[in-house]
1. Could you please report the charge total around residue 62, scoring K, R as +1 and D, E as -1 over all other residues with beta-carbon less than 13 angstrom from its beta-carbon?
2. What percentage of the solvent-accessible surface of the chain, computed with a 1.4 Å probe over protein heavy atoms, is contributed by carbon and sulfur atoms?
3. In a GNM of the chain with a 10 Å cut-off on Cα contacts, which of 71, 22, 80 has the highest mean-square fluctuation?
4. Enumerate the residues in the range 51-90 having an amide nitrogen under 17 Å from the point lying 7 Å beyond the Cα of residue 35 toward its Cβ.
5. Just need the relative contact order of the chain here, percent rounded to a whole number, with Cα pairs under 8 Å and 6+ apart.
6. Among 89, 40, 73, pick out the residue whose Cα is farthest towards the positive end of the charge dipole of the range 33-94, where Lys and Arg carry +1 and Asp and Glu carry -1 on C-beta, about the Cα centre.
7. Given charges of +1 on the Cβ of Lys and Arg and -1 on the Cβ of Asp and Glu, with all other atoms neutral, how large is the dipole of the range 1-107 about its Cα centre, in debye to the nearest 20?
8. Holding the Cα-Cα limit at 32 Å, pick out from 64/104; 82/104; 48/91 the pairs that are longer than that.
Amino acid sequence: MKQANICPRFEKAISLLSQRWTALIINQMLSGPHRFCALQSSIGISGKVLSERLKDLEQKEIIKRKVIPETPVIIEYSLTEKGYSLEPVLKEIENWSQAWLDIKRAENIK
């Protein structure tokens, strides 16, 4: 049987989006800039994991971190152009989930 070749870029993109919490963080940030606490409470993610994901997404240039020098210091996260370009992908996943996933079954998948 002949093995199909998987495009390395496709594999990398799927690996990124399938990392736990990453797609949810990006999806939440589509509405605009967020502070750490707002992201954490809206998603229900631990601070440690959120911090790791934000650093990873910043390194991949999907989000940017803005430090606002006030007292106390305010740190705001927002999507870059690269991050916003994921919007159609995430919207299509949302459309697919609305059409094909039963919410009661989806809760059992967790």
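The values are calculated or read from the model by the stated rules, or taken from the named source; none is laboratory data. Everything numeric here is computed off the predicted structure, so don't read it as measured data. Every residue, glycine among them, receives a Cβ derived from its backbone with ideal geometry; neighbour counts consider all protein chains shown. When the accessible area is computed, the model is the full protein with side chains, heavy atoms only, and any ligands, DNA or RNA have been set aside. Shrake-Rupley method; radii C 1.70, N 1.55, O 1.52, S 1.80 Å.
1. +2
2. In the chain, the share of accessible area belonging to carbon and sulfur is 55 percent.
3. So, out of 71, 22, 80, the one fluctuating most is 71.
4. 51, 65-78
5. 23 percent
6. The residue sitting farthest along the positive end of the dipole is 73.
7. In total the dipole reaches around 280 debye.
8. Check vs 32 Å cut-off fails for 64/104; 82/104.
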